[in-house]
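The next block holds one structure in the form of structure tokens; read it before the comments.
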Amino acid sequence: MQFGLDFNLVEELVAGVDEVGRGPLCGPVVTAAVILDPAQPILGLNDSKKLSEVRREALFEEICEKALAWCIARAEVEEIDRLNILHATMLAMQRAVEGLSVTPRLALIDGNRCPQLSVPSAPVIQGDGQVPAIAAASILAKVSRDREMCALDLCYPGYGLAGHKGYPTAAHLEALQRLGPTIIHRRSFAPVRNLLEQAAPVAEPLVDSALLV
């Protein structure tokens, strides 16, 4: 049985920061920063990849309700193509921490490097499986991005975005070859760049994404 991380490890005013979406061929990279409340434990926090979709959705609501502060941020496809995925991810993490309504005394970042922040920070490799606040951030980021990709699947049918969330699966690569890239595809990523160099047409949305907001 999975009981999640030890809430005794929650430290006062320490933010956990994580990202989702570095690997996909399309869509934004989404980050979250969370400061948990030591007085309000959240049972079952864990790396979002180790949780079922139903459990992530339930924890998303609980985190938003019980956390001292949280912020979901992003870097858009244009920023990913202009800056590269690493620097765009650092920018999105910076936006998440800066967007917190409470200033943390320390930000713990999942991974092996930290963005430039106005508060002290430290990287934690595989932090989403060790630090409750990072696990909470991973859940907010993943649920938020997954919801967006499901909405974008209505705009760009045929790519299977609701299923693979834009990752370079065999089905996604086949759809890219058949339908061509869309405006939400990352032109700096090799499979998309190669198709554009072959003069593949850019697919238009079936539904205006603004109507889905």
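The values are calculated or read from the model by the stated rules, or taken from the named source; none is laboratory data. Predicted model, so just to flag it, every value in this text is computed and none were measured. Note that each Cβ is placed from the backbone with ideal geometry, even for glycine, and that neighbours are counted across all protein chains shown. Remember, those area values only see protein heavy atoms, side chains included, never the ligands or the DNA or RNA. Shrake-Rupley method; radii C 1.70, N 1.55, O 1.52, S 1.80 Å.
Result for the chain in a Gaussian network model with C-alpha springs under 10 Å: among Glu148, Glu61, Glu53, the largest mean-square fluctuation is at Glu61.
Dipole of the chain computed with +1 at Lys/Arg Cβ and -1 at Asp/Glu Cβ about the Cα centre; of Ala199, Ala107, Leu36, farthest Cα towards the positive end is Ala199.
The relative contact order of the chain, computed from alpha carbon pairs under 8 Å that lie at least 6 residues apart in sequence, is 26 percent. Centroid-to-centroid, using Cα positions, segment 28-73 and segment 119-163 are 10 Å apart.
When peptides 86-92, 75-81, 14-20 are sorted by average Cβ neighbour count within 10 Å, with the highest value leading, the order is 14-20, 86-92, 75-81.
Here the accessible area of segment 23-118 is 51 percent carbon and sulfur, with a 1.4 angstrom probe and all protein chains present. Only helices enter the 222 nm calculation for the chain: every DSSP H run of n ≥ 4 contributes -39,500 (n - 2.57), and dividing by all residues gives -11500 deg cm²/dmol, rounded to 500. Across every pair of non-identical alpha carbons in the chain, the mean reciprocal distance, once inverted, gives a Kirkwood radius of 17.7 Å. Give the angle, between 0 and 90 degrees and rounded to the nearest 10, that separates the Cα long axis of helix 53-66 from the longest principal axis of the Cα atoms of the chain. For helix 53-66, the angle is close to 50 degrees.
Residues whose amide H falls under 5 Å from that of Cys26, counting only those 5 or more places apart or on a different chain, are Arg186, with hydrogens built in the peptide plane. For the chain, the per residue solvent-accessible surface stands at 48 Å², with DNA, RNA and ligands left out and a 1.4 Å probe. If a/c stays under 1.5 just call it rounded; otherwise compare a/b with b/c (prolate if a/b is bigger, oblate if not). Do that for segment 23-118, with a ≥ b ≥ c from the square roots of the Cα gyration tensor eigenvalues. Note, shape of segment 23-118 comes out oblate.
Compute the acute angle (0 to 90°) between the alpha-carbon long axis of helix 170-179 and the principal axis of greatest extent of the alpha-carbon atoms of the chain; round to the nearest 10°. Between helix and principal axis, roughly 40 degrees.
Among Gly129, Leu86, Leu117, flag the residue with its Cα farthest along the positive direction of the charge dipole of the chain, charges on Cβ as +1 for Lys/Arg and -1 for Asp/Glu. Looking along the dipole axis, the top candidate is Leu86. Each Lys and Arg contributes +1 and each Asp and Glu -1, all at the Cβ; summed about the Cα centre of the chain, the dipole is approximately 440 debye. In terms of the mean number of neighbouring beta-carbon atoms within 10 Å, the peptides 26-33, 136-143, 187-194 order highest first as 136-143, 26-33, 187-194.
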